[in-house]
Amino acid sequence: MRRTAQCPHRWAVPVAALLCAACWPALAAEPASAKALAGNALQGKAIYEAKCSACHSVDDNRVGPKHAGVVGRKAGSVADYDYSSAVQQSRVVWTQANLLRWLTEPEQVIPGQKMGYRLGVAQERADVVQYLATLK
Ligand code: HEC
């Protein structure tokens, strides 16, 4: 009887409650940040026109290669564009994830590439990639 009253595990209940409380904000925050990074193609089109079109267009090569159909194609595969040999020889395929990385820091995705531009804001990257996905 006396042993039951002095159960050594009594501490476990408040400690467990505390741990759970510590987890709540993290659990609550996750869907919110995932949602913030969902791209918006319409916003992405405006960002593309403001920030990418100095060098790119959808249907014509300019300073950079044309972007029609870019999502899903191999890097460096527009036949009549003069890529750096780094991009041309890379085995990168432009998945949405790789495009997000490319726009964050091109040099980290394909060292030796020649695109001298980065998009510093994660939401803008998500929006632009969503827009690129609409270009067939
Ligand atoms: C200052 C000019 C410049 C700007 C601005 C620029 N790019 Fe580029 N981009 C290039 C060049 C040059 C290349 C070719 C890189 C190489 O061959 O190494 C390139 C390549 C790319 C590629 C690889 C395409 C392929 O066919 O493999 C993608 C994707 C891309 N750019 C997306 C973008 C997006 C999206 C933006 C706007 C956020 C942007 N670029 C802004 C110059 C630019």
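The values are calculated or read from the model by the stated rules, or taken from the named source; none is laboratory data. Because the structure is a prediction, the values reported are computed rather than measured. Every residue, glycine among them, receives a Cβ derived from its backbone with ideal geometry; neighbour counts consider all protein chains shown.
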### Filter result for the condition that a residue is within 16 Å of Lys66 (Cα to Cα) and at pLDDT 95 or above, over Thr104, Thr95, Thr134
Thr134
### Query
When Leu103 is evaluated against the numbered criteria (1) touching a His at 6+ places or on another chain (Cβ under 9 Å); (2) assigned to a helix (DSSP H, G or I), which criterion, by number, is the only one it fails?
(1)
### Task
Go through segment 39-98 and give me each residue that's within 7 Å of the ligand (Cβ to nearest atom), assigned to a loop (DSSP other than H, G, I, E, B) and of a type in the set (Gly, Ala, Ser).
Ala54, Gly64, Ala75, Gly76, Ser77, Ser84
